[in-house]
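Encoded as structure tokens, the structure appears first; notes follow it.
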Amino acid sequence: MTIWITGANGFIGRHLVRELAEAGRVVHGVGHGALDAAEAHRLGLQSWINGEVDAANLNALAAAHGLPSQVFHLAGGSSVGLSIERPFEDFSRTVTSTARLLEWLRGSAPDSRLIVVSSAAVYGADHPGPITEDAMLMPMSPYGQHKQMMEQLCRSYGHSFGVCATVVRLFSVYGPNLRKQLLWDICSRLAAEPQVLALGGTGAEIRDWTDVRDVARLLAQVGEVAPQDGFRVINGGSGQGASVATIADSLIRHFGSSAVARYSGVARPGDPVSLLADDRRLREMTFDWRIPLERGLADYVDWFKGQLRG
């Protein structure tokens, strides 16, 4: 089985490459980032193209290695904040790259299965409890709006042209090698040994935290089964929520810091109060989340401290 991953050099992409390669899959990647052959092979990639997800690069992969059985589409925008600062760039990364990939699949590899990584940001606000996949989509940021547009393209190509696609809406993914967002920010500040850890928001914001190593297993498992009607959406969340304050306090404890977290009370634009998955469809798949939050956070702190020493 030959598998392609767009965005294979990203945070989730690298973990997914390793998961699939260790399972004996032949994995090729395309996306941004300079990787020499030795580094690509170390990650588990048989080949790597540093460039856009476009027809030229996809044709080059196909000519060299044959058509893929599965394509995992992870390329795209990855930050709410950057999407607000540079919305057109986020649109191009997410929507345009998806349109190019779908059009290439339609014409060149119609039998390939597509697994698309989306985000819970498509749900927006006003969801006080677990959110089902059928909930109304009301994204609050360009990031979420562009992910919704990406999903709509996949649904359209599935219904109109038979492109087989599964969309996985990930929630708050964290873990080793994450060098941005809340956990990285908190640990970076704790490294300076502050007495007060000043954070935005209220601390009561609820998120569904999932370790990237579990997420890689989830994506690999999703790729094994084709959707019955050619298109499906799955929440990639655990159904277990934890507040930002809980996360901050746990990181402080694992870091061995005496800092006290204080919150500004001012929410960041584009951030809903609660994002928690209804995980019914994952339970029907008999997927199990193996890494509990406390262990995952402890592992993240250990990894972060290793970066400081290294």
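Working note: 222 nm ellipticity from helices only, DSSP H runs with n ≥ 4, each -39,500 (n - 2.57), summed and divided by the residues of the chain, gives -12500 deg cm²/dmol to the nearest 500. Each label point was placed 7 Å from the Cα along the Cα-to-Cβ direction; for A135 and A191 their separation is 3.4 nm. Residues S78, S92, S119, arranged from fewest to most other Cβ atoms within 10 angstrom of their Cβ, appear as S92, S78, S119. Give the separation of the Cα centroids, region 57-115 to region 211-252, in Å. Going from one Cα centre to the other spans 21 Å. With contacts taken as Cα pairs under 8 Å at a separation of at least 6 residues, the chain carries a relative contact order of 18 percent. Look at C187, C154 and count the other Cβ atoms within 10 Å of each Cβ; fewest to most, that gives C187, C154. Along the charge dipole of the chain, Cβ charges K/R +1 and D/E -1, which of A37, A120, V167 sits furthest on the positive end? It is A37, whose Cα lies furthest towards the positive end. For the pair R262 and D288, label points projected 7 Å from Cα toward Cβ lie 4.5 nm apart. Enclosing the Cα atoms of region 230-309 in their convex hull gives a volume equal to 157 cubic angstrom per residue.
For region 183-202, the residues whose backbone nitrogen is under 19 Å from a point 7 Å from the Cα of D249, taken along Cα to Cβ, are 183, 186-187, 190, 195-202. Restricting the trypsin sites (Lys or Arg not before Pro) of region 148-253 to loop positions (DSSP other than H, G, I, E, B) with no more than 11 neighbouring Cβ atoms within 10 Å leaves R179. For the chain, a Gaussian network of Cα nodes joined below 10 Å ranks L61, L293, L82 by mean-square fluctuation, and the top entry is L82.
For the chain, the Cβ-based charge dipole about the Cα centre amounts to some 360 debye (Lys, Arg positive; Asp, Glu negative; other atoms uncharged). Using the Cβ-Cβ distance between E85 and A34 with R0 = 25 Å, the FRET efficiency computed as 1/(1 + (r/R0)^6) comes to roughly 0.55.
Working from Cα pairs under 8 Å separated by at least six residues, relative contact order for region 226-300 is 51 percent. When only the Cβ of Lys, Arg, Asp and Glu is charged (+1, +1, -1, -1), the dipole of region 72-176 relative to its Cα centre reaches about 220 debye. Roughly what % of DSSP beta bridges within the chain run antiparallel, to the nearest 5? Roughly 5 percent of the beta bridges in the chain run antiparallel, per DSSP. Quote the relative contact order of region 177-252 in percent (integer), defining contacts as alpha-carbon pairs under 8 Å separated by 6+ residues. Taking the mean separation of contacting Cα pairs over the length of region 177-252, I get 46 percent.
Near the amide H of W48, within less than 5 Å, lie the amide hydrogens of G29, all on another chain or at least 5 residues away, with H placed in the peptide plane.
Laboratory data are not the source of any read-out in this text; all were calculated from the coordinates shown. Predicted model, so just to flag it, every value in this text is computed and none were measured. Note: ideal-geometry Cβ built from the backbone for every residue, glycine included; neighbour counts use all protein chains shown.
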